[in-house]
Every structure is written in C-alpha cells, then in structure tokens.
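Since the structure comes first, as structure tokens, the remarks are kept for the end.
The values are calculated or read from the model by the stated rules, or taken from the named source; none is laboratory data. No experiment lies behind these values; they were computed from the predicted model shown. Reconstructed Cβ throughout: ideal geometry from the backbone, glycine too, with neighbour counts over all protein chains shown.
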Amino acid sequence: MIQFYLTALQMALCLAPMAMGIFITMKVFNIPDITTDGSYTLGAAITAIMLTGGLPVSLALPACMLSGALAGTCTGIIHTKLKIDALLSGILVMTALYSINLIILGRSNIPLINTASIFIKSDWLGSELNGQLLTALTFVGIILTLLIYLLRTDFGIAMRASGNNPVMTKALGVNNDSIRITGLAVSNSLTGLSGFLVAQYQGFTDINMGIGIVITGLGSVLVADAIKQWFNVKKIGRQIMLVVIGCAVFQAVLAFTLSIGIDPNLLKLITATFVLLIVALPRLTAFTKHK
C-alpha cells in the first residue's frame, strides 16, 4: 500500500511543473489557459520521437520546453494582438496542437520500452522507485528555485503587477502584451516539461494523454489556494511551494479512490467532482455563515 502511494507521489512530482505553469496563468494573469492540454501532449510526443530515434535525453529536455513555450507564445499572440478572448485563444491552439501532435507521433501511441530515460534505473537507493523519486524531486527542486527567483526579479514583479492591475502598469510604461506573451510561454514550457517527465515515467506517449490534464493542474492550484488561505500565506515563493504540495494531495486523493475499489473508468468524473468541491466549499461555507 505504501508503494502505491509512493507511485502517486512520483506522478505528482512529474505533474508539478505543469501545476506551477497553471499557477502563473491562473493566479498571476487571471487567464484560464486551455493550451495546457495540447502543450502537455506536445512535450510527451517530442520526447517519444527523439528518444525512440536514439537522440539523448539532454536534447529532448530543451526541445520539449521550447516547443511548449512556442505553443504558449501562439496563444499569447492570438490573445493580445488579435484581441481574442484568452479562453478561446487557448482552445484554438489546443485544437490545432491535437493535429500537430498526431503528425509528430505518426500514430496514436508510441511505447518507450528500452529507450534512454532521465530516471535513475539502478536500485542503489533501495528500489528503482526511490531512484525515480530522487530524480523527480531534483527536477522539481530546480524548477521551483528558478521560478521563485524569476517572480522575485524586476521582470517577475512587473509580470505580477501586470496581472493584478494592467491599467497601472501600462501607465508606468510596461508593455502588458509582451509580459503576457512571455508569461504564457513560460507557463507552457513548464507544461511541456511535465509531458517530458510523465512520458518517460509511464513508458509511453499517447495522443489522448493530455485530455483533461488542465483539470488536474487546476485542482492542484485550488488545493494550494485553500491551504494558503488557511495558513494566511503571503509570500509568492511559499505559494508556489504550496502548489507542489497541492499536486501531491490531489494525486493522493485519486490514489485513495482507486485503492478502495472505485472503477478506474470513473476517475475523470471523480477528478472533476473533487475540483468542484474545492471551488464550491469556501462559497458554501460563506453562504452558511451569512444565513
């Protein structure tokens, strides 16, 4: 049973960069970015093609992040330059990415058996899973540190201010459009990184693996937001750390659901219901107090 929950933790760590990306779009820019579904699969598809083609993991990693950044840039340009609603912009790019991902893969599913992997294969840490956890923790730690540093720089502060009060930042000479495009690029590059990690962890890439993945990331951010309110967390660095914890909690809930014998076919329904409860609970609590 412990092994089962450690596996869920491993998946949470692989999905954590994607959750951090959604934190940027949702909490910094107040944009519901649906591009996530496509850029996640895009990262996994490029990983599959490059690794099965014999290319090293060290080349696949930047390729996945750059491809995700390009997808986010397209969404940002459509939203800011063509003045199309952010939600619709993300849907358009996500829809286009489905065909692009299918072209890249050449078929619906590619196994990654006996290919190079970022995860440690030896059992010198006691088990292969421990090695995988160490690798994922290292990745998440590096990304977490870099993202916290970015959001504390002048650019990061301008990005946060632009999302909070675009009228003020425009009056101060900040180019809000460029800031948003860059933010969406960073967000989707992190999503592409998650696709890179998950494809290697699960050992295959599937064209439909990204469907609904934005709900998982959104749920992680909402869990983090609830924890933030309970403990009155103000600092941006700690809020991002809470996103990683929220991702772990979210995956633990799904693992518990499976462990008690719930039909796996109902997993998406349970995921959506769990996110709905997270969103609705504070409102219901406030309504009850008001009554």
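Of the residues examined, residue 157 is not one that is farther than 20 Å from residue 61 by Cβ, surrounded by fewer than 20 Cβ atoms within 10 Å (Cβ to Cβ) and modelled with pLDDT of 95 or more.
Considering only residues in region 166-180 that are of a type outside the set (S, T, N, Q) and farther than 15 Å from residue 154 by Cβ, the one that is nearest to the chain's Cα centre (by Cα) turns out to be 180.
Determine, yes or no, whether residue 163 is more than 23 Å from residue 66 (Cα to Cα), touching a residue at least 24 places away in the same chain (Cβ under 8 Å), assigned to a helix (DSSP H, G or I) and in contact with a Lys or Arg (Cβ under 9 Å, 6 or more places away or on another chain).
Numbers: more than 23 Å from residue 66 (Cα to Cα): yes; touching a residue at least 24 places away in the same chain (Cβ under 8 Å): yes; assigned to a helix (DSSP H, G or I): yes; in contact with a Lys or Arg (Cβ under 9 Å, 6 or more places away or on another chain): yes.
Criteria met by residue 163.
Scanning region 175-221 for residues that are in a strand (DSSP E or B) and of a type outside the set (Val, Ile, Thr) yields 204, 206. Close contacts from region 133-150, counting a first residue that is more than 18 Å from residue 62 (Cα to Cα) and at pLDDT below 95 and a second that is not charged (D, E, K, R) and not in a helix (DSSP H, G or I), with Cβ to Cβ under 7 Å and a gap of 6+ residues or different chains, come to 134/120; 134/125.
Check 49, 77 and return the single one that is touching a residue at least 40 places away in the same chain (Cβ under 8 Å) and in contact with a strand residue (DSSP E or B) (Cβ under 9 Å, 6 or more places away or on another chain). Reasoning before the result, please.
Values: 77 fails: in contact with a strand residue (DSSP E or B) (Cβ under 9 Å, 6 or more places away or on another chain).
Going through 49, 77 in turn, the sole match is 49.
Determine whether residue 175 is free of Cβ contacts under 8 Å to residues at least 12 places away in the same chain and either of a type outside the set (Asp, Glu) or touching a Lys or Arg at 6+ places or on another chain (Cβ under 7 Å) (or both). So residue 175 fits the description; yes. When region 32-50 is limited to residues that are crowded, with 24+ Cβ neighbours inside 10 Å and of a type in the set (A, V, I, L, M, F, W, C), the one that is nearest to residue 80 (Cα to Cα) turns out to be 42. Kindly evaluate residue 203 against the criterion of being surrounded by 15 or more Cβ atoms within 10 Å (Cβ to Cβ) and in contact (Cβ under 8 Å) with a residue 40 or more places away in the chain. In short, no.
If you go through region 197-230 and keep only what is in contact with a Pro (Cβ under 9 Å, 6 or more places away or on another chain) and farther than 18 Å from residue 271 by Cβ, you end up with 197, 203, 204, 205, 229.
Every residue in region 28-73 that is in contact with a Lys or Arg (Cβ under 9 Å, 6 or more places away or on another chain) and either on the phi > 0 side of the Ramachandran plot or of a type outside the set (Phe, Trp, Tyr) (or both), please.
To start, the set of residues in region 28-73 that are in contact with a Lys or Arg (Cβ under 9 Å, 6 or more places away or on another chain) comprises 28-29, 31.
Those that are in contact with a Lys or Arg (Cβ under 9 Å, 6 or more places away or on another chain) and either on the phi > 0 side of the Ramachandran plot or of a type outside the set (Phe, Trp, Tyr) (or both): 28, 31.
Within region 206-215, at least one residue is in contact with a strand residue (DSSP E or B) (Cβ under 8 Å, 6 or more places away or on another chain) and either surrounded by 13 or more Cβ atoms within 10 Å (Cβ to Cβ) or modelled with pLDDT under 90 (or both). The set of residues in region 217-255 that are aromatic (Phe, Trp, Tyr) and either in contact (Cβ under 8 Å) with a residue 24 or more places away in the chain or crowded, with 22+ Cβ neighbours inside 10 Å (or both) contains only 250. Given the condition crowded, with 19+ Cβ neighbours inside 10 Å, within 22 Å of residue 26 (Cα to Cα) and not polar (S, T, N, Q), answer yes or no: does some residue in region 96-112 qualify? Yes.
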